[in-house]
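The values are calculated or read from the model by the stated rules, or taken from the named source; none is laboratory data. Small disclaimer: the values here were computed from a predicted structure and weren't measured. In this analysis, Cβ positions are derived from the backbone assuming ideal geometry, glycine residues included, and neighbour counts consider all displayed protein chains. SASA here: full protein model, heavy atoms, side chains in, ligands and nucleic acids out. Shrake-Rupley method; radii C 1.70, N 1.55, O 1.52, S 1.80 Å.
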Amino acid sequence: MKSFYKSKFILLITIQFILCNILLAGTTGKISGKIYDSKTNEPLIGINVVLVGTTMGASTDVDGSYFVLNIPPGVYQLKATGIGYSAVTIQDVRVSVDQTTKIDIQMGEQAIELENVIVTATKPIVQKDLTSTESRISGDQISMLPLEDVQSVINLQAGVVDGHVRGGRSNEVKYLLDGVSVNDAFSGDASVFAEVNSVQEVQVITGTFNAEYGEALSGVVNQITKIAGDKLAGDFSFYLGDYVTDRTDLYMNIDNISPKAVRNFQGSLNGPIPGTDKFVSFLLSGKYLYDDGFLYGKRIFNPKDSSNFSDNNKANWYIGSTGDGKYVPMNFSERYTIQGKLSFKLGNAKGLILQGLFQNRDYKDYNHAYKYNPDGDYQRFQNSTLGSASYNHIFGNSTFIDLLASYFKTESKQYVYENPLDDRYANPERRRDVSGAAFLTGGTENWHQTHITTTITAKANITSQIDKYNEIKSGVEFNLHKLDYKDFQIHVDATSNFKPALPGENSFDYNTYVNNPYQFAAYLQDKIELDYLIVNIGVRFDYFEPDGDVLIDPNNIAKLDTLTKPFPDGLFKKASPKYQFSPRLGISYPMSDKGAIHISYGHFFQVPPFEYLYRNPNFRIPLTGSFPEFVGNNIGNADLEPQRTTIYEIGLQQALTDEIGINLTAYYKDIRNLLGTEIHIKNDYKKFAKFINRDYGAVTGFTIAADKRFSNGFSASIDYTYQIAKGNASDPNDAFNKAQANPPIDANKQLVSLDWDRRHSLNFTLTAGEPDNIIGSLIGRLGSGLPYTPALQNQRTGLENSDSRPAVFNVDLYVTKYLQLFGNNFSVFIKVYNLFDTENELNVFSDTGRAGYTLEVTRAQEQPRGINTIQEYYTRPDYYSAPRQVVIGASVGF
């Protein structure tokens, strides 16, 4: 049967390559317009239009129309020349991904005293060919705002709440870097981001997206990085800083200010390689960022320390403390990124770009229980490697093809010590030395988890302007994945003579698998551009081959306890392939030069994260014990259906003046087939779960946004979003977690607010000053509190997510002074994050709805059996947003 599906798949690929030859996410834009005689207003035929400094250009047709395709995003000069007419140069022409920049030109008869007319282009307030909600933020704009990374750029967009786009789960967003998907197929999350110093443009699509984009339910983030220029150029910048706050009662060690606690170094160099006559150009950029974080522990204990608090008389307690008493960062992050590009000019109509990127991140997530034993908690490591080759070939002025091949690998690890047989691993009994609301006085987390995801991609895209009204895109894409996963528990007990030992490979606490699923997609899309109407219409086909086995009857799972792989026939079946056709439609109706209405509609398809397809490959469910979420409680399901969303949107763009515009957008999302769990029982009493498609949701909202472009020394923007995001569950494990509660809680049969349902959101930016002298910018965010479930002593006192946390407010500041020294551009700057040191309560105690206090402090019948007081334990710095951070730095460009 599997060979049959493979044969069908190969045939399908062959047909698609023959018919449409190719699927590459948008990385270029277009310029089009008409050229007239300035006196007669008649269209001019045969006028040559070129982008200065490039080989791209076109000539006007009998209607005076022209178009230039395949333009990388950026700012250009457009020059029009013709016999008998003075040349006209249009400066500051901005091109964005997937958009048409309209430039109409009037040319006058040539005069001796006027050989070249220079005009400065102004970006229109209303983008007439915008058929859904999207934002484009250039690298220059990012550099003027207090934005540290691409994630900050995304979260600044209307309708985005901490990575959740318009009410969707966080892994429903497609992340692209220069046309290559950088989502980790294991988790569904982005595993690498471009550094802001290498970004040319970031495109954030929060509305319905065209058929060329797939494997996403909520949005698309398209990161386009810079390309090498024709002249040698470079830049370098650094900053140093720390967190500065007077809340020393909340944050341990926060008053120990060190300029190197936060440090960043970044730079880039690009230009032609000497001796190649500009045939080969290079770009090299890099960044190093270290942040100690603001949450510290104190090394009072080492992991193998043993204490005894069992006696009812405190005087008889034994405290075996061998720690050095030093403060230890417990939410630090260290990241470095290296990116390189080689660009080959193979001729006027050909280009080849080779790219490599490596990003490494070491970090720690704060665990409150380990505050006085900080070395016993997990360390986390992630690195990603991206390599790609893209080839561009132009067939005349109206058609071009992009071919791309890429290799993307992500490796994630989680452990306390790299060597699983390290003698520093402690007996799990050390974690039970304390009881009640007490910090651990010894012990380690004794699990190792590693997953390596490798994706090889081959895709292509052909774009053709078949006439002045229709731009056709068509493409295919193939992704071959390899998932290499391993987790195991380290045994340190009497059976191993209290030395670290590994479990057997078929046991519940030793899981390993290698799976090779693959995906195929094809699309066809037409962009119809009329003077009075713009239409984006297309259809997409997605196909997924899971490469996995499915347990036919989970209620028979006990039979597998005595069996080892390969399991006998009759217990499992092969997972079936999945596919869908998804229509997309977007329409923009320009009412005038100052206003346009758009409506859009689309169906969207996404395969669930692969970790839920292959979890617990040994199908072992232990009858006793407590285990991490990824072990022992549930089984994967390789036969999961894709998750599906239908999106509707209507919007209005309106220019109020030549500098101010507003946008109004309303949207609705119907979400189906989301990941959830169904409950099964082993041996009549042990509950476990199997992942199925059972969850659903609905999102309704509207956004009002206003923007003033930079003029008269300042620019500003503001947006407000009202949104209702409801579903039957926020977490795929929700039904199982409720079944495990005491007493069990029924799974939701009606819609409730999702964990990220922020009803009211307001963002604003303000930039003021002189760009060549001194400039300052502010970013402000105000949002209503996220929902929580009220409870007392772990028993619900209200419906799920029926109450709200306090509102959040934050302001960031960035001030830069520009200098000219020795013919180079210098600047000094200061960035202040959380300018007013606001105490934003991101998490709360369920009995009070606040982060600062809980009734547990006054209600406790017994003090903790440990070294801390109950007040110390319930002081939770991790429930708050980061305190004020101040960094000071400098940059130089040449």
Using a cut-off of 13 Å between alpha-carbon atoms, which aspartates and glutamates can reach residue 34, once sequence neighbours fewer than 8 places away in the same chain are excluded? 42, 61, 63, 104, 531
Multiplying the sequence separation of residue 591 and residue 856 by 0.36 nm and subtracting their Cα-Cα distance, what value in nm do you get? 89.3 nm
Selection from 733, 354, 541, by position along the positive dipole direction of the chain (Cβ): 733
Over the chain, the sum of -39500 (n - 2.57) across DSSP H runs of at least four, divided by residue number and rounded to 500 deg cm²/dmol, gives at 222 nm -1500 deg cm²/dmol
Each label point is 7 Å from the Cα along the Cα-to-Cβ direction; what then is the distance between the points at residue 419 and residue 362, in nm? 1.7 nm
Of every hundred units of 1.4 Å-probe accessible area on segment 164-318, the number belonging to carbon and sulfur atoms, as a percent, is 54 percent
Would you work out the relative contact order for segment 357-465, in percent, from Cα pairs under 8 angstrom that are 6 or more residues apart? 32 percent
Could you compute the FRET efficiency for residue 486 and residue 576, with r as their C-beta to C-beta distance and R0 at 25 Å, rounded to 0.05? 0.40
Looking at this model, which pairs from 260/326; 345/527; 278/341; 527/726; 459/690 are more than 23 angstrom apart at the alpha-carbon? 345/527; 527/726; 459/690
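Charges only on Cβ, +1 for Lys and Arg, -1 for Asp and Glu: so what's the dipole of the chain about the Cα centre, in debye to the nearest 20?
Using only the charged Cβ atoms, the result is roughly 1140 debye.
Restrict the search to segment 561-657; then list the GluC sites (Glu not before Pro) that DSSP places in a loop and that have at most 16 other Cβ atoms within 10 Å of their Cβ. Can you show the working numbers first?
Details: sites: 611, 629, 649; in loops: 629.
Listed in order of number, the matching sites are 629.
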Longest to shortest principal axis, alpha-carbon extents of segment 288-333, angstrom: 51, 16, 13
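With a 1.4 Å probe and all protein chains left in place, how much accessible area per residue does segment 74-161 have, in Å²?
Result: 44 Å² of accessible area for each residue.
Relative to the compact-globule scaling 2.2 N^0.38 Å, provide the ratio for the alpha-carbon radius of gyration of segment 525-670. Write out the running numbers ahead of the final one.
Values: Rg = 24.6 Å, N = 146, 2.2 N^0.38 = 14.6 Å.
The value comes to 1.69.
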Per-bin percent of Cα-Cα distances, segment 152-290 [10 Å]: 10, 27, 26, 26, 9, 2, 0
Distance in Å, no decimals, from the C-alpha centre of segment 772-807 to the one of segment 253-300 is 32 Å
What percentages, rounded to whole numbers, describe P(r) for segment 409-478 computed over all alpha carbon pairs with 10 Å bin width beginning at zero? 15, 22, 17, 12, 11, 11, 10, 3
Where the accessible area of segment 641-717 is counted over protein heavy atoms with a 1.4 Å probe, how much of it, in %, is carbon and sulfur? 57 percent
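For segment 159-260, what is the relative contact order in percent, using Cα pairs closer than 8 Å and at least 6 residues apart in sequence? Display every interim value, and only then the final one.
Details: 140 pairs, mean separation 24.4, N = 102.
For segment 159-260, the relative contact order is 24 percent.
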Per-residue counts of other Cβ atoms within 10 Å, averaged by peptide: what ranking do you get for 548-555, 527-534, 661-668, highest first? 661-668, 548-555, 527-534
So which chymotrypsin sites (Phe, Trp or Tyr not before Pro) in segment 297-343 are both in a DSSP loop and have at most 16 other Cβ atoms within 10 Å of their Cβ? 317
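Using a Förster distance of 22 Å, how high is the FRET efficiency between residue 700 and residue 742, based on the Cβ-Cβ distance and rounded to 0.05? Before the final figure, lay out each step's value.
Working: r = 36 Å, r/R0 = 1.63.
The calculated FRET efficiency here is 0.05.
Per residue, how much accessible surface does segment 460-550 expose to a 1.4 Å probe? Answer in Å², no decimals. Don't jump to the answer; show the numbers that get you there.
Values: 3530 Å² over 91 residues.
Using a 1.4 Å probe on heavy atoms only, each residue of segment 460-550 averages 39 Å².
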Highest average packing first - 181-189, 577-585, Cβ atoms within 10 Å: 181-189, 577-585
Globularity index of segment 807-894, i.e. its alpha-carbon radius of gyration over 2.2 N^0.38 Å: 1.80
Translational diffusion coefficient, Stokes-Einstein: compute it for segment 219-280 using the Kirkwood radius over C-alpha pairs as Rh, at 20 °C and 1.002 mPa s, and state it as an integer in µm² s⁻¹. 134 µm²/s
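Quick one: with all protein chains in place, what share of the accessible area of segment 496-622 is carbon or sulfur, to the nearest percent (1.4 Å probe)?
Working: 3150 of 5380 Å².
The value for segment 496-622 is 58 percent carbon and sulfur by accessible area.
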Could you report segment 761-879's accessible area per residue, 1.4 Å probe, as an integer in Å²? 51 Å²
Taking Cα atoms of segment 98-162, Rg/Rh with Kirkwood Rh, to two decimals? 1.17
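Would you please report the Å³ per residue occupied by the convex hull of the alpha carbon atoms in the chain? Let's see the in-between values first.
Values: hull volume 161.7 nm³, N = 894.
Given the Cα convex hull of the chain, per-residue volume reads 181 Å³.
So what is the orientation-averaged projected area of segment 650-775, using the convex hull of its C-alpha atoms, in nm²?
Numbers: hull surface 47.9 nm².
Across all orientations, segment 650-775 yields a mean hull projection of 12.0 nm².
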